[in-house]
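Accompanying notes for the structure given below.
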Amino acid sequence: QLQLVESGGGLVQPGGSLKLSCAISGSTHELYRKAWFRQAPGKGREAVASMTGSDTDYEDSVKGRFTISRDNANDTVYLQMNRLKPEDTGVYYCAVRRHFDVREWYNPRGFDTWGQGTQVTVSS
């Protein structure tokens, strides 16, 4: 059974950095797409970054600040977050789309497996 476990969240001051990790276990084949979503209090879940193969996509507000990457040897996906802003606050979720799907990279309905989330709070 495919499982995703996030870690690395916490409290950071504006302008600071955090690196989130998503450990993937139980996969029997190459996963089509991995992504990070976030959900702020009172708001819907929004896509932050995604990767399939060597291609990456980013939500406009995080371009140039966040970087999604993976370590195939450890089956881990990362989200490096720099120059953090208070509006980046939220619960961050790792998600996986196991097979090819025509839905947009940012569509949460196209992802079939989710982690439990890790809280990121950007505040002074």
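The values are calculated or read from the model by the stated rules, or taken from the named source; none is laboratory data. Bear in mind that the values here come from a model prediction, so they are computed numbers and not experimental data. No Cβ is skipped: glycine too gets one built from the backbone with ideal geometry, and neighbour counts run over all protein chains shown. All accessible areas refer to the heavy atoms of the entire protein, side chains included, with ligands and DNA or RNA removed. Shrake-Rupley method; radii C 1.70, N 1.55, O 1.52, S 1.80 Å.
A few comments on the model shown:
- Candidates L11, G26, Q39 compared by Cα position along the dipole of the chain: farthest toward the positive end lies L11, with charges placed on Cβ.
- Think of a 1.4 Å ball rolled over the protein heavy atoms: the chain then has 52 Å² of accessible area per residue.
- 3J(HN,Hα) from dihedral phi, the stretch 111-124, Karplus parametrisation 6.51/-1.76/1.60, rounded to Hz, x for glycine, proline: 10, 9, 9, 10, x, 8, x, 9, 7, 10, 10, 10, 7, 8
- Spin-label model distance (nm) - A40 vs S124, 7 Å beyond Cα toward Cβ: 1.8
- Mean separation of Cα pairs under 8 Å and 6 or more residues apart, divided by the residue count, gives the chain a relative contact order of 36 percent.
- Carbon plus sulfur fraction of accessible area for the stretch 64-124, probe 1.4 Å, in percent: 45
- Candidates V91, V77, V102, ranked by Gaussian network fluctuation over the chain, Cα under 10 Å, top entry: V102
- FRET efficiency for S25 and Q80, using Cβ-Cβ distance with R0 set to 22 Å, rounded to 0.05: 0.50
- Nonlocal amide H pairs with L31, under 5 Å, H built at 1.01 Å: none
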